[in-house]
Amino acid sequence: MEGLRVREDGTYLDGTFGRGGHARGVLQALGSGGRLLLMDKDPDAITVAEQSFGADPRVSIRRGSFADLARWDATAAGLDGVLFDLGVSSPQLDVAERGFSFGKDGPLDMRMDPDAGESAAQWLARASADEIADVLWTYGEERMSRRIARAIVERRAEAPITRTAELAALIASVMPRPKAGRHEIHPATRSFQAIRIHVNRELADLEAGLEAAHAALRPGGRLAVISFHSLEDRIAKRFIATHSKAPAGNRRLPEATGFVPTLRAVGGAQKAEADELAGNPRARSAVLRVAEKLEAAA
């Protein structure tokens, strides 16, 4: 909320409604002349948004990815703040039928929008071993990516892999045993993360969404991005730096035309403090970055 710096009469976009925690905070700070635009891919989230805020005349709701925010006419007049809270939401993790969690057996789906694209099971049924391994390595930084990919291809030749518990057990069966006394994350953690990111095109959507938010923000407007792993945070950090800092020069090349910054970083990476972590352990990997849109050069 401090990063967004909500004005009473401003227009704000929450691109990842989830269950509305941030939306409630923004609405409390808005006056009668303010507007809040809510987006989410997830139909369950949209249902909650309509039930909770649909009657508020300040609120407009749209189902879809924040990557497409520029296609929403409500953003055309400009925005005073944009929030992206990335990754999977707690309700998605906690409902086994959504297929995000290896801790709860359910259909191997993982789609944030269950009406769009391939499910994780469908993708794993057709992808080559090399493609699976590349996804596990690129998006999960999984060192055993090729071993896991081979095991998936061998298993699916016998029968389709359709359940989260089945995939998690298969991955665990080919992973090295952890050293005695050493705490390790579940062996399927990185693979599930990688498959989810790939199925939902999360990093491509983030890059497109950041560009769209930058274009829609009015001078003085704020962009706030909450990331939950290094790949997302790296994209957000690089995006803010690209628009706020002149690129390093090269004395062997002709001097480029003058760089004009369009964003200003507001502080650095911010993380949850101990009191928040005590009540919300899932915030332990969250990183918040904030940037402000600058006045256009004359």
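The values are calculated or read from the model by the stated rules, or taken from the named source; none is laboratory data. Here the structure is a predicted model, which is why all the values come from computation and not from measurement. Here Cβ is always computed from backbone atoms with ideal geometry, including for glycine, and neighbour counts include all displayed protein chains. For accessibility, only protein heavy atoms count, side chains too; no ligands or nucleic acids. Shrake-Rupley method; radii C 1.70, N 1.55, O 1.52, S 1.80 Å.
Can you spot a residue in the range 72-85 that is in contact (Cβ under 8 Å) with a residue 24 or more places away in the chain, closer than 26 Å to residue 271 by Cα and open to solvent by 20 Å² or more (accessible area, probe 1.4 Å)?
Yes - at least one qualifying residue is present in the range 72-85.
Give the residues of the range 151-162 that are of a type outside the set (A, V, I, L, M) and surrounded by 15 or more Cβ atoms within 10 Å (Cβ to Cβ), sorted by residue number.
Of everything in the range 151-162, those that are of a type outside the set (A, V, I, L, M) and surrounded by 15 or more Cβ atoms within 10 Å (Cβ to Cβ) turn out to be 155, 156, 162.
List pairs: first residue in the range 110-124 and over 14 Å from residue 161 (Cα atoms), second residue open to solvent by less than 20 Å² (accessible area, probe 1.4 Å) and assigned to a loop (DSSP other than H, G, I, E, B) anywhere in the structure, Cβ distance under 6 angstrom, at least six positions apart or on different chains.
111/119; 112/42
Looking for whichever is open to solvent by 80 Å² or more (accessible area, probe 1.4 Å), at pLDDT 90 or above and either among the basic types (Lys, Arg) or touching a Pro at 6+ places or on another chain (Cβ under 9 Å) (or both) here; the options are 282, 222, 234. Which one fits?
234
Suppose we filter 165, 172, 204 for residues that are open to solvent by less than 80 Å² (accessible area, probe 1.4 Å), part of a helix (DSSP H, G or I), under 12 Å from residue 148 (Cβ atoms) and among the aliphatic types (A, V, I, L, M); which single one remains?
On inspection, the qualifying residue turns out to be 172.
Is at least one residue of the range 140-149 touching a Leu at 6+ places or on another chain (Cβ under 9 Å), open to solvent by 60 Å² or more (accessible area, probe 1.4 Å) and closer than 26 Å to residue 230 by Cα?
Yes; the residues of the range 140-149 include at least one that is touching a Leu at 6+ places or on another chain (Cβ under 9 Å), open to solvent by 60 Å² or more (accessible area, probe 1.4 Å) and closer than 26 Å to residue 230 by Cα.
Report yes if some residue within the range 209-218 is touching a Gly at 6+ places or on another chain (Cβ under 7 Å), under 27 Å from residue 68 (Cα atoms), open to solvent by 40 Å² or more (accessible area, probe 1.4 Å) and of a type in the set (D, E, K, R); otherwise report no.
Within the range 209-218, one or more residues are touching a Gly at 6+ places or on another chain (Cβ under 7 Å), under 27 Å from residue 68 (Cα atoms), open to solvent by 40 Å² or more (accessible area, probe 1.4 Å) and of a type in the set (D, E, K, R).
Mind listing whichever residues of the range 5-17 are at pLDDT 95 or above and crowded, with 19+ Cβ neighbours inside 10 Å?
Of everything in the range 5-17, those that are at pLDDT 95 or above and crowded, with 19+ Cβ neighbours inside 10 Å turn out to be 6, 10, 11, 12, 13, 14, 15.
Taking the condition under 30 Å from residue 291 (Cα atoms) and acidic (Asp, Glu), does residue 202 pass?
Considered against the rule, which asks whether it is under 30 Å from residue 291 (Cα atoms) and acidic (Asp, Glu), residue 202 comes out as yes.
Does any residue of the range 36-49 turn out to be open to solvent by 60 Å² or more (accessible area, probe 1.4 Å), within 14 Å of residue 10 (Cβ to Cβ) and within 24 Å of the chain's Cα centre (by Cα)?
Taking every residue of the range 36-49 in turn, none turns out to be open to solvent by 60 Å² or more (accessible area, probe 1.4 Å), within 14 Å of residue 10 (Cβ to Cβ) and within 24 Å of the chain's Cα centre (by Cα).
Among all residue pairs at least 6 apart or on different chains, which show Cβ distances below 6 Å where the first residue, located in the range 58-70, is more than 20 Å from residue 44 (Cβ to Cβ) and the second is open to solvent by 20 Å² or more (accessible area, probe 1.4 Å)?
Final answer for the pair search is 58/35.
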